[in-house]
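Each remark here refers to the structure printed beneath this line.
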Amino acid sequence: MSDRYQQLVNTPIGKIVSKQIGLPSPVALERYERGQPVISGPVLLGAAPGGRLAAATAKVLAAIDADVHTPLQEHVRTAAADASLEAKVFNPDAAPEDQTFKALVFDAGGIEDSEQLREVWAFFAPTVRRVRKSGRVIVLGTTPADCTRPRQATAQRALEGFVRSVGKEVRKGATAQLIYVGAKAESELESTLRFCLSPKSAYVSGQVVRIAASASSAEGIDWELPLAGKFALVTGASRGIGKAIAKVLARDAAHVIGLDVPGLQRELEDTIGELGGSTLVLDITDDDAPARIATHLVEDHGGVDVVVHNAGVTRDKTLGRMDEDRWNMVLSINLSAQERIDDELLAREVIRENGRIVCVSSMSGIAGNAGQTNYATSKAGVIGMVESMAVPVAKKGLTINAVAPGFIETQMTAAMPIATREAGRRMSSLAQGGLPVDVAETIAWFASPASGGVNGNVVRVCGQSLIGA
């Protein structure tokens, strides 16, 4: 469904009126199209003294052929030079007012105490207003749990408040993210930094991503076709967000195995057939569903590399009016079935080495929602499943993560009353609804073989919703 308000305020007269009376003015977000560079426009790279992440960041910027600028900081310019970057010098006191950047990237990993947080202000205060439309603000830090001193951990944790506030200030479709990089995980940064810099993260803002060391390697990966030779199971793949997930994973060269219920078989076959994938028709709540899925994956595909738990339903009623069937159905499909499937796949070692499990949670699971006690419980349970399984699956060389969509433009949201729909669209830093492809792009980042250090994360795809965290 089109956002007519957004179309109106972006007309010449609409821009004037909305500015005069203080209405939100959502801009059209830049989204990824095949073949385009990771980032189009100059990147300003800075770092606090003692940072350990500027060198790894510079290597990624060199790999994507970014147009890099640096302040007059010897340690930053040395990192750029070591990465063979011919970085230009940026002096905010002498730069023309019209000099702008597509991204501001700052290594705050060297900040040791609260007094040194001034380094963050010193870098961003004179530059944040130079961020372009659909630009990016990225802060890199040290995972607080990996800090050696309490004051260092305190300062690193403070970065979350900074980044989330910046995400609400930059406007113009720009976003802000914080990437915590754990001990000895510098080499795991590339996949996440590419995602956060690119238009693939258009509707992701105000998020905290934690990267840990892993045994996987991105060496030799084709960044245009990262899932070449991989098999990906997507549940609920016939329509909506599931259909978008299947399309994006297929774009990244995965063979997609789409799964859905018998009633949606025709839609499923049409969707997956266009992608050159294969289908599996069953109800995931059936007692024998996990065994049938595992057997199919082994016998027809030799295993699986990516499992995306997307299938889900809503059956809304306030708690006092909710019958047992509504409660049981939502919990069974949205949570219990995922647990049972994972248990079977893991026990039979169906998921191959460096495999990925990706779950779809919801903002309702974070913030709760009136009339959705069943749904919110199930989606909070998905988050609990990701957190509790992260360590066990890591021991098997796998990862598990989740996305938590906010207001996404689907058939379900199109059926909402207009007042509820408009509130859902505007109550975010980006002041608009997201698209199914935004959820799919985030899942594709989790699914990448290069994302081995990204484990146990829950990333909201909500435009930095003002509801919840």
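Surrounded by 12 or more Cβ atoms within 10 Å (Cβ to Cβ), assigned to a loop (DSSP other than H, G, I, E, B) and either over 26 Å from the mean Cα position of the chain (by Cα) or at pLDDT below 90 (or both): which single residue out of V27, V17, V38 fits that description? First the steps, then the outcome.
Values: V17 fails: assigned to a loop (DSSP other than H, G, I, E, B); V38 fails: either over 26 Å from the mean Cα position of the chain (by Cα) or at pLDDT below 90 (or both).
The match here is V27.
Could you check, for region 126-145, whether at least one of its residues is assigned to a helix (DSSP H, G or I), closer than 16 Å to V208 by Cα and not polar (S, T, N, Q)? Reasoning before the result, please.
First, pick out the residues of region 126-145 that are assigned to a helix (DSSP H, G or I): 128-130, 144-145.
If we keep only those that are closer than 16 Å to V208 by Cα too, we end up with 144-145.
From the residues that got through so far, the ones that are not polar (S, T, N, Q) too are 144-145.
Yes, region 126-145 contains a residue that is assigned to a helix (DSSP H, G or I), closer than 16 Å to V208 by Cα and not polar (S, T, N, Q).
Can you say whether G109 is modelled with pLDDT of 90 or more, assigned to a loop (DSSP other than H, G, I, E, B), on the phi > 0 side of the Ramachandran plot and small (G, A, S), as far as the supplied structure shows? Can you show your working first?
Details: modelled with pLDDT of 90 or more: yes; assigned to a loop (DSSP other than H, G, I, E, B): yes; on the phi > 0 side of the Ramachandran plot: no; small (G, A, S): yes.
Taking the combined requirement at face value, the residue does not satisfy it.
I'd like the full set of residues that are open to solvent by 10 Å² or more (accessible area, probe 1.4 Å), outside any helix (DSSP H, G or I) and β-branched (V, I, T), limited to region 238-256.
Listed by number, the list is empty, since nothing qualifies.
So, in region 445-460, exactly how many residues are open to solvent by 10 Å² or more (accessible area, probe 1.4 Å) and aliphatic (A, V, I, L, M)?
1
Based on this model, can you work out whether S134 counts as small (G, A, S), open to solvent by 10 Å² or more (accessible area, probe 1.4 Å) and over 25 Å from Q73 (Cα atoms)? Walk me through it before giving the result.
Numbers: small (G, A, S): yes; open to solvent by 10 Å² or more (accessible area, probe 1.4 Å): no; over 25 Å from Q73 (Cα atoms): yes.
No.
Taking only region 175-215 into account, find how many residues are within 11 Å of Q464 (Cα to Cα) and either hydroxyl-bearing (S, T, Y) or more than 11 Å from the chain's Cα centre (by Cα) (or both).
4
With (1) modelled with pLDDT under 95; (2) assigned to a strand (DSSP E or B) as the list, and I221 as the residue in question, which single condition is left unmet?
(2)
Out of R425, R421, I need the residue that is surrounded by 20 or more Cβ atoms within 10 Å (Cβ to Cβ), at pLDDT below 95 and not small (G, A, S). Which one? First the steps, then the outcome.
Working: R421 fails: surrounded by 20 or more Cβ atoms within 10 Å (Cβ to Cβ).
After applying the criteria, what remains is R425.
So which of L319, L280 ends up being assigned by TED's automatic domain parsing to the domain that holds Y375, touching a Leu at 6+ places or on another chain (Cβ under 6 Å) and open to solvent by 10 Å² or more (accessible area, probe 1.4 Å)?
L280
Give the residue that is farthest from G242 (Cα to Cα), with candidates limited to residues of region 356-384 that are more than 18 Å from the chain's Cα centre (by Cα) and open to solvent by less than 10 Å² (accessible area, probe 1.4 Å).
N374
Within the set of pairs 6 or more residues apart or between chains, which connect a residue that is without any contact (Cβ under 8 Å) to a residue 40 or more places away in the chain inside region 342-365 to a residue that is assigned to a strand (DSSP E or B) with Cβ atoms less than 8 Å apart?
Pairs found: G365/A404.
Does V120 satisfy the condition of being closer than 28 Å to S40 by Cβ and either touching a residue at least 60 places away in the same chain (Cβ under 8 Å) or in contact with a Cys (Cβ under 7 Å, 6 or more places away or on another chain) (or both)?
yes
Check region 461-469 and report whether any residue there is surrounded by fewer than 24 Cβ atoms within 10 Å (Cβ to Cβ), at positive phi and modelled with pLDDT under 90.
Among the residues of region 461-469, at least one is surrounded by fewer than 24 Cβ atoms within 10 Å (Cβ to Cβ), at positive phi and modelled with pLDDT under 90, which makes the answer yes.
Looking only at region 65-80, how many residues end up being over 21 Å from D93 (Cα atoms), open to solvent by 20 Å² or more (accessible area, probe 1.4 Å) and in contact with a helix residue (DSSP H, G or I) (Cβ under 9 Å, 6 or more places away or on another chain)?
Of the residues in that region, 1 qualify.
For region 148-164, what are the residues that are among the polar types (S, T, N, Q) and either in contact with a Cys (Cβ under 7 Å, 6 or more places away or on another chain) or open to solvent by 60 Å² or more (accessible area, probe 1.4 Å) (or both)?
T148, T154, Q156
Test M385 against the criterion of being touching a Gly at 6+ places or on another chain (Cβ under 7 Å) and either free of Cβ contacts under 8 Å to residues at least 24 places away in the same chain or at negative phi (or both), and give yes or no.
Criteria not met by M385.
The values are calculated or read from the model by the stated rules, or taken from the named source; none is laboratory data. Note that the structure is a prediction, hence the values are computed from the model and not measured. Cβ coordinates were reconstructed from backbone atoms using ideal geometry, including for glycine residues, and neighbour counts include every protein chain displayed. The protein model used for the area step is the full one, side chains on, heavy atoms only, and it has no ligands, DNA or RNA in it. Shrake-Rupley method; radii C 1.70, N 1.55, O 1.52, S 1.80 Å.
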